Amino acid sequence: MFQLKLEDGGTWESFGHQPGQFIEVSIFGKGEAPISICSPPTRPDTLEICVRRTGKVTDALFEMGKGSTFHIRGPYGRGFPVDKLKGQKLLFVAGGLGLAPLRSLLLYALDKRKEFDDIILMYGTNNPENVLFKYELLSFFDRDDIQYHYSVDRDDEGIWKQYVGVVTGLFDKAVLFPFATHAVLCGPPIMYRFVLQKLLSLSFPEEHIFMSLERMMKCGVGKCGHCAFGDKYCCIDGPVFPFTEIEKMKEAI
């Protein structure tokens, strides 16, 4: 994870980002890359991004030392409907790197805990070594205002103390009230299919389901067409979408 500071030493309060939005990271001579903001606006001292090393821009970012300077654009995109979610029970379902885009909303809800009802986190990844934000997830063990359920697909070393299996297996461990709960999802494409099936089988209203499709973006402003599906551009119309907007678009999920 990278923590970004402004050159003038100020805070990010005037940046005005919302949970679920993203920025474009620009490195001279290397290009630009869209990266989700994983810190909430309630913590304006730093802007945090979780980056996977996948190309020229992210390679250059990893090679920079502390105090290095680069440019960003943003914030961009449609985030989570925070005002609509206030007062509601929240279910977070994240798979692998999908925890990063959801983290901004999760920490926002925890920072403003009295404004939300129950908070439930289900997070699964492929093995214990690839768990994101390990110490932060462990810190939830000391809280009584969040339900947490973690899983790994496999545990070859036998070191995992939580559930071993796919993330949908965690639904059997949680007490859920579908009609009073809004679900937010982010993860690999195959996860969406099975999690959506599970949510709908539990009678979650379709309008209570929101998904982040941040993996699809490139330019961030709807010019390159990389994130186009149907009549939507993920970077402009999303990256957060109500399930009801995209349920009939197979290329979106």
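Table for the structure above
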{"item": "Sites E115 and R154, calculated FRET efficiency, Cβ-Cβ separation with R0 35 Å, nearest 0.05", "result": "0.40"}
{"item": "Protection proxy ranking, peptides 198-205, 2-9, average beta carbon neighbours within 10 Å, highest first", "result": "198-205, 2-9"}
{"item": "GNM top mover of V184, V240, V51 - the chain, alpha-carbon springs below 10 Å", "result": "V51"}
{"item": "Length released on extending from N130 to A180, taking residue separation times 0.36 nm less the Cα-Cα span", "result": "14.8 nm"}
{"item": "Protection proxy ranking of 220-227, 156-163, 26-33 - average other beta-carbon atoms within 10 Å, highest first", "result": "220-227, 26-33, 156-163"}
{"item": "Only Lys, Arg (+1) and Asp, Glu (-1) charged, at Cβ; the chain dipole about Cα centre in debye", "result": "340"}
{"item": "Overall dimensions of the chain by Cα: Rg and Dmax, Å", "result": "17.9, 51"}
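Readers should treat all values here as calculations from the given coordinates under stated rules, not as data from a laboratory. Since this is a predicted model, take the numbers as computed values, not measurements. As a convention, Cβ positions derive from the backbone with ideal geometry for all residues, glycine included, and neighbour counts pool all protein chains shown.
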